[in-house]
Ligand code: SAH
Ligand code: SF4
Ligand code: F3S
């Protein structure tokens with residue numbers, strides 16, 4: 001047998017209990033297996049489904065890259081999987097329902113093949129993991145949001161024959177220190193800079209599912225991004241957190257300072273961040289929007305409601321005037337900045353007048369797009385303890401009204417794009433009316449679809465220039481003008 005080689009994931013804190021994974025070769029078959037202590041892990045397949053926000057998608061990538069060290073490769077076919085994982089979201093009832101229905105579907109898979117392991121991670125697992133494991137007998141384990149870096153230990157324990165278990169402990173270590181891992185070879189990377197949320201918006205489950213805020217050190221993030229750019233061809237980063245504007249508070253650092261440093265990295269072309277809380281947008285950050293060369297011209301700034309009384313009940317810590325003051329400052333610092341937002345329709349006891357105030361705000365703010373949701377009551381939150389006079393029908397009607405109102409505003413804004421030329425990084429293609437069309441996002445987050453010069457032209461991850469030829473509220477069509485190639489050249493416009 002060849003000498004075993006240690007494999008270290010280099011992905012952050014690992015639980016010391018798991019004996020080190022070692023790759024060994026079977027001398028007869030030449031097949032590579034992983035040994036953990038005395039247990040062998042032959043080549044297996046993992047199927048993983050993700051619900052929820054970008055944070056969850058990012059966590060899924062992390063889980064999958066850990067599992068590579070246990071000899072798992074990803075499959076898109078649930079039927080052929082040895083390990084089935086869900087990364088769950090608890091933000092609204094609908095997200096929960098979708099997960100429960102998919103979890104139910106896996107019952108018969110387990111019946112057919114009892115060797116299949118099934119695990120549930122993420123935000124539902126954090127708050128309801130123990131109940132899940134008790135209730136769903138075909139479940140092998142559940143893991144909360146703060147233990148994803150120990151996934152290999154959990155999978156090992158399950159294969160070692162442990163009874164179904166649920167882990168939802170918080171990571172008590174002082175620092176939040178990780179290394180970003182990308183597995184798909186794309187020039188776009190998400191970089192988690194802060195975890196948790198210290199706000200207590202009265203409707204929101206996130207503080208319960210993600211815990212207290214903890215930031216990575218600026219030095220570590222800058223080195224991480226430098227490494228991604230130098231060695232993995234990354235050109236665009238999105239800094240991630242539930243409230244990135246709180247970044248660095250625990251270490252005397254700031255998002256503005258971090259962006260200013262990242263702006264200096266050669267080869268990095270575009271910096272985005274999400275999500276922002278309006279209360280924590282500092283003057284320094286507004287200034288950075290005006291000055292940083294690589295910072296996106298788009299900002300997602302969730303407002304939730306256009307009514308001061310609703311904002312108060314939501315415990316959002318700002319007023320409509322404060323919010324609109326920020327919008328004004330941002331537009332002064334960066335006159336063509338593009339804004340988007342989140343809105344909750346029909347919050348607890350919302351009056352018709354309060355609802356109308358949100359429509360007024362849409363008029364004033366002129367968002368490029370919005371995400372809007374009907375309020376959904378979540379266990380544990382403050383708002384869930386209040387009597388609520390609103391019905392789901394009213395919430396639904398208000399949501400539709402908000403969406404229709406915004407669509408008109410959006411259509412007007414989007415029509416003005418016709419005739420303008422943008423530089424976009426092509427990130428995929430689809431078929432429209434039988435024709436292959438490529439698509440990419442502009443610096444300011446608008447998706448543009450366009451035809452290649454000839455159908456077999458592969459433009460994936462190329463920087464191109466497109467002129468917008470037609471635009472509706474929800475889609476933009478363009479004409480390819482120039483192909484720059486896989487790196488953005490100096491002379492390309494950043495717009
Ligand atoms: N951290 C982000 C939001 C994360 S949740 C922020 O503060 O902006 C994403 C969005 O889901 C929120 O902005 C809000 O609009 C919506 N949301 C959160 N809880 C909700 C609930 N209980 N019902 C309906 N929508 C909700
Ligand atoms: Fe939820 Fe508010 Fe935190 Fe956003 S800032 S994650 S809405 S508690
Ligand atoms: Fe959902 Fe958790 Fe994200 S509740 S929105 S997956 S932080």
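If you go through the range 223-239 and keep only what is under 14 Å from residue 192 (Cβ atoms) and either within 16 Å of ligand 1 (Cβ to nearest atom) or in a helix (DSSP H, G or I) (or both), you end up with 224, 225, 228, 238, 239.
Across the range 365-394, the number of residues qualifying as within 11 Å of ligand 1 (Cβ to nearest atom) and either free of Cβ contacts under 8 Å to residues at least 12 places away in the same chain or within 22 Å of the chain's Cα centre (by Cα) (or both) comes to 9. Scanning the range 336-351 for residues that are touching a helix residue (DSSP H, G or I) at 6+ places or on another chain (Cβ under 9 Å) and either more than 16 Å from ligand 3 (Cβ to nearest atom) or more than 19 Å from residue 386 (Cα to Cα) (or both) yields 337, 338, 339, 341, 343, 345, 346, 347, 348, 349, 350, 351.
Tell me which residues, restricted to the range 202-222, are away from ligand 1 (no atom under 16 Å from the Cβ) and either under 30 Å from residue 382 (Cβ atoms) or assigned by TED's automatic domain parsing to the domain that holds residue 385 (or both). Listed by number, the list holds a single entry, 216. Residue 242 fails exactly one of the following numbered conditions: (1) closer than 21 Å to residue 288 by Cα; (2) assigned to a loop (DSSP other than H, G, I, E, B); (3) more than 14 Å from ligand 2 (Cβ to nearest atom). What is the number of that condition? With (1) closer than 21 Å to residue 288 by Cα; (2) assigned to a loop (DSSP other than H, G, I, E, B); (3) more than 14 Å from ligand 2 (Cβ to nearest atom) applied to residue 242, the lone miss is (3). Looking only at the range 182-213, residues that are assigned to a loop (DSSP other than H, G, I, E, B) and within 16 Å of ligand 2 (Cβ to nearest atom) come to 14 in all.
Here is a yes/no grid of residues against (1) modelled with pLDDT under 95; (2) more than 16 Å from ligand 2 (Cβ to nearest atom); (3) farther than 17 Å from residue 54 by Cα; (4) not assigned by TED's automatic domain parsing to the domain that holds residue 145:
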site: 87; (1), (2), (3), (4): no, yes, no, no
site: 90; (1), (2), (3), (4): no, no, no, no
site: 112; (1), (2), (3), (4): yes, yes, yes, no
site: 115; (1), (2), (3), (4): no, yes, yes, no
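Here 285, 270 are screened, and the one residue that is in contact (Cβ under 8 Å) with a residue 40 or more places away in the chain, touching a strand residue (DSSP E or B) at 6+ places or on another chain (Cβ under 8 Å) and outside the structural domain of residue 365 (by TED's automatic domain parsing) is 270. Among all positions in the range 214-223, there is no residue which is within 22 Å of residue 278 (Cβ to Cβ), surrounded by 18 or more Cβ atoms within 10 Å (Cβ to Cβ) and within 11 Å of ligand 2 (Cβ to nearest atom). A count restricted to the range 164-201 and to residues that are in contact with a strand residue (DSSP E or B) (Cβ under 7 Å, 6 or more places away or on another chain), more than 16 Å from ligand 1 (Cβ to nearest atom) and more than 13 Å from residue 59 (Cα to Cα) stands at 7.
The values are calculated or read from the model by the stated rules, or taken from the named source; none is laboratory data. Note that the coordinates shown come from a computational prediction; the quantities given were computed from them, not determined experimentally. Cβ sites come from the backbone with ideal geometry, for glycine too, and all protein chains shown count toward neighbours.
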